[in-house]
Structure formats: C-alpha cells, structure tokens
Amino acid sequence: MARFVHLHVHTEYSLVDGVVRIDSEKRDDGTLVREGLVDACARMQMPAVAVTDQGNLFALVKFYKAALARGVKPLVGVDVSLREEGERAEPSRLVLLCQDGRGYLNLTRLVTRSYLEGQGKHGPMLHREWLDRETTLGLVALSGFDGLIYSIGFLVGWPVVMFLIATSTAYGWILARQGIPLALANSFTGMTENPWAFLLLANLLLLVVGTVMETVPAIIIFAPVLLPLAKRLDVDPVFFGVLMVVNLSIGLASPPSGATLFVSTAIANEPLERVCRAVWPLFFSMVGILLLITLVPPLAMWLPGMVYGR
C-alpha cells in the first residue's frame, strides 16, 4: 500500500484552476478515456486523499460516495482565500481540512460566510478576525499567511505557541545575561588542542545548548567564542558552521526538554512521556549521522566544495 496521501487536490469543481475529474471518463463501449481521481488513488493503493477545491464544497457528495465505494478514505477540505489589509493586496491562501464532524460544520459556516460577507474583487475571502479557537475547532490548517506558526496556531491555539516562543527566547536571554554560555564555551576550549577532540566536545556542548536555547541566539552567542579556536586548529569554518546548525537543530528535538517536543505534544494531543519514547530512536539515529559528518567531513563539504571550490 502506498504511504503517500495527497492532502491538496483541486478537482473540476474548483472552477478556477481544477481539471481533475472525480470519476473516470469512459466511452459508450467502456473504453477508458481519462482516469478519474478516485480510480487513480485506488489503483495506486493510496489509503486516503483530500479534495480541497478553491472556495467551495461542490464536489463533496460525489467525491465522498465515489471514494467510499472504491475503499479510499475521503478527506474533506477547502482552499480558501484569506483577506489581507489594503485595497489592492493579494489574498493569502489557506488550506483547511476537516478533522471531525465539528470541523465540517465550522468549515461550511466559514465558506458560507465568505460568500455572504467576504466578497471582493478576488472573490469570496475569509477575514482573520473570523478565525478564532471556536470557529476553527476541528479544523487542521496546512498553510497560512505566516507559514508554520499560523498553521500551528490553529492546531494548538495561539497561547501555547506564543508562550513557547516567548519563554525559550527569554530563557536564552537570561543565560546570556549571566554569562553561562561564555563560561561553558571557554571551559571547553581550554581542554584540548586536538581538532578531533575539540569537534567532539563542541558537538556535546551544542547538543546540550540546543535543548534550552533557540538556534539563532545560540549561534550568535557561541560562534564568536568557538570559531576562532576552530580556525586555530585548522577546522574549516564552513564545516564548523554546518556542525553548529546540525547540532542545535537536533537539540531542539532532544528529549526531554527540546522546545519542539512541547509543540509536538500539543499538536498530537499526546503526553510528553509517550512522545519522548517515540523520539529516542530517531534522536540516536540523528546523533549517529552527526558523528558520521564530524568524522567524515567530505559528507558535509562536497556541496560547499562545488560552490566555493574548497
């Protein structure tokens, strides 16, 4: 069975840009002219597919019946336009999928309201003030005007997301204010003059730092301290930069205190302990790749070598 599930398909009912038919088109003698969406998904053994026509749910009944008849789980959604400020501003696009019955009711209300109250030169549009925790309950947002943060805001609520961002940033500021990162970095740099030992120690330091600090502040704080020593030990600065980014990115998802873990638990509605148990195997595999990159620099440097001729 194919693991891929298409979550953003426009059909012929999209009216603006859709050319995909729900059912297959056949001649009178039964010869296939053009394969339809549902038959194609069934042939490729896709477990589900989402129809997200632009601004309407016209295909819902036909798609739902055809998908159930072929054993494909139908996912319901709409590709809506989100009104931006300014008379000539282009609307943003937002894909909303129904998670349950409550989500379907909320989606139909939002689409209806866009036609009744949100008409403009770009067609029916949603207003941002219409989108709150109550009106988006049971909906999953795949994209939005502000990218990932806007999508997560629908899923877990703005207070959770903004609290995580604010606390992680404030915590990094407190650490920097107290001079803790500099003290740690200086203690590490004085331990060895061997470049390989230095890289391993830097990996350990940055992995720990990545669990409690955001990536950008950590780079700003630690790069000026560690990079001079890396250069003195003949470590390529580009290679060292790659290691810093990989380390800090892994740290964000490191159990039990990585910042992204808390967002993941809210999205999945699962306890932190269960998420951590599931993440541990992935964490060790990422650490293994990190060690491989550290010990075999060409794995990370072949592309910079092609670009910069290093």
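The values are calculated or read from the model by the stated rules, or taken from the named source; none is laboratory data. Treat the numbers as computed from the prediction; the structure is a model and nothing was measured. Cβ sites come from the backbone with ideal geometry, for glycine too, and all protein chains shown count toward neighbours.
Only one of Leu32, Leu94, Leu105 is modelled with pLDDT under 90 and under 22 Å from Ala141 (Cα atoms). Can you tell me which? Before you say what the answer is, go through the steps one by one.
Values: Leu32 fails: under 22 Å from Ala141 (Cα atoms); Leu105 fails: modelled with pLDDT under 90.
One residue alone meets the criteria, Leu94.
Tallying residues that are part of a strand (DSSP E or B), under 20 Å from His8 (Cβ atoms) and over 23 Å from the mean Cα position of the chain (by Cα) within segment 33-73 yields 1. So which residues in segment 63-79 are within 18 Å of Gly101 (Cα to Cα) and not hydrophobic (A, V, I, L, M, F, W, C)? Tyr64, Lys65, Lys73, Pro74, Gly77, listed by residue number.
Return the only residue of Ala230, Ala253 being at pLDDT 75 or above, of a type in the set (A, V, I, L, M, F, W, C) and farther than 14 Å from Thr294 by Cβ. Every option except Ala253 fails the conditions. On the given criteria, is Ile165 within 30 Å of Met46 (Cβ to Cβ), β-branched (Val, Ile, Thr) and at pLDDT below 85? Spelling it out, it is not the case that Ile165 is within 30 Å of Met46 (Cβ to Cβ), β-branched (Val, Ile, Thr) and at pLDDT below 85.
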